[in-house]
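Trainee: Handing you this structure, nothing more for now.
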Amino acid sequence: MPEIYKHIKLIEVYADIAGHRKGAALGLEALRKSSAEINSDYYEKFVVEEIGQDKSAEDNCSFENAKHIDKVHPVISQLAEKVKIMRDENLFPIILAGDHSSCAGTMHGLKMAHPNDEIGVIYIDAHADIHTPYTSGSGNMHGMPLAIACAMDNKECAINKPNKKEIEYWNKLKYLVSNEPSIKPENIVFCALRDFEKEEEALIKKHKIPVYTVEEMTYKGIQTVVEEIFKKLSYCKHIYISFDVDSIDPLYVPGTGTPVTNGLSYEQAMQLNLELIKNEKVCCWEMAEINPLYNNNDEDSTRVFKILERVTETLIKHY
């Protein structure tokens, strides 16, 4: 194994219990299948670590406002610890996740490893994922990871009254690292955001979180937007990229749990990730919410795999 490959590790998170529709955990095997079908040796190059979810009583959920939070908690905790260990060893984690709730663990892990540094987050997603048990209309926790990492409740916009056990788990998740937020909301930048509720919008406005819409990225061009993002986050020592495939228009990638029209073109998504990964401050890249159950054909997963492969190749060149 060439020395450069030893500086990158993969983490596969086989969890989809927090999603709107099950099947995202199958996306990781779909990526491996795509790799084999195009004769890629991608998975032979890197050490891969796995995290799975507790499958017991999946359909017997006693929580209404934070569904399966008791099963989500250990996944987030395990991922946080793995990310911390890798960063402590100066490794670059590439995380392939099922549903997007687990990315709270990524952010917590980065804070564990870099407790005194500013951490920036580039969140490429159709959704804001900044709901809480107090504000979520669905209770699905894949819509809450940013609120977890930022230790937010948003009680000002509350529509729910979580029960005692939900609140207990929620507070454990928020303060997994310390009694402070792991991520500052002002250190977040949204890309391709287009489907969010008024409760989330209130937080975006309150904390003045920049939002680059698909229209703006198309008008300005990806290169210009990337330059603006890094200028905005210039004070951050470490930057994390979280790429949800539902940021892409379902015309190009239908295989995701919560598709939203008017998204990025496939070429835009590819270019955006390739340009972002070149920056030396980027310390972690993640891809989530691949759901092959909703593919039109096998080529859909192959297109997603090619993003992973090219991003990794570009990372190696600039690492």
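Trainee: Give me a count of the residues in the stretch 17-58 that are assigned to a helix (DSSP H, G or I), surrounded by fewer than 20 Cβ atoms within 10 Å (Cβ to Cβ) and more than 17 Å from the chain's Cα centre (by Cα).
Mentor: The qualifying residues number 8.
Trainee: So which residues in the stretch 74-108 are more than 22 Å from I8 (Cβ to Cβ) and either out of contact with any helix residue (DSSP H, G or I) (no Cβ under 6 Å at 6 or more places or on another chain) or modelled with pLDDT under 95 (or both)?
Mentor: Correct list: P74, S77.
Trainee: Taking the stated definitions as given, is D244 in contact (Cβ under 8 Å) with a residue 12 or more places away in the chain, of a type in the set (D, E) and closer than 14 Å to M217 by Cβ?
Mentor: No; evaluated as a whole, the condition is false for this residue.
Trainee: Follow-up question, since we're still on this one. Read through the list (1) surrounded by fewer than 24 Cβ atoms within 10 Å (Cβ to Cβ); (2) closer than 27 Å to E29 by Cβ; (3) out of contact with any Gly (no Cβ under 7 Å at 6 or more places or on another chain); (4) of a type outside the set (A, V, I, L, M), then give the number of the only condition that H114 fails.
Mentor: Among (1) surrounded by fewer than 24 Cβ atoms within 10 Å (Cβ to Cβ); (2) closer than 27 Å to E29 by Cβ; (3) out of contact with any Gly (no Cβ under 7 Å at 6 or more places or on another chain); (4) of a type outside the set (A, V, I, L, M), the lone unmet condition for H114 is (2).
Trainee: I would also like to ask the following. Tell me which residues, restricted to the stretch 195-209, are among the aliphatic types (A, V, I, L, M) and in a helix (DSSP H, G or I).
Mentor: Across the stretch 195-209, the qualifying residues are A202, L203, I204.
Trainee: Further question on the same structure: Mind listing just one residue for me: the one in the stretch 128-160 that is aliphatic (A, V, I, L, M) and outside any helix (DSSP H, G or I) and, of those, farthest from M112 (Cα to Cα)?
Mentor: Of everything passing the filter in the stretch 128-160, I159 is farthest from M112 (Cα to Cα).
Trainee: Additional query: Restricting attention to the stretch 269-319, which residues are crowded, with 20+ Cβ neighbours inside 10 Å and acidic (D, E)?
Mentor: Across the stretch 269-319, the qualifying residues are E286, E289, D300.
Trainee: Where residues in the stretch 161-185 are more than 25 Å from P115 (Cα to Cα) and crowded, with 18+ Cβ neighbours inside 10 Å, which of them is farthest from the chain's Cα centre (by Cα)?
Mentor: So, considering only residues that are more than 25 Å from P115 (Cα to Cα) and crowded, with 18+ Cβ neighbours inside 10 Å, the one farthest from the chain's Cα centre (by Cα) is P162.
The values are calculated or read from the model by the stated rules, or taken from the named source; none is laboratory data. The structure displayed is predicted, hence computed values, not measured ones. Every residue, glycine as well, gets a Cβ built from its backbone with ideal geometry; the counts of neighbours run over all protein chains shown.
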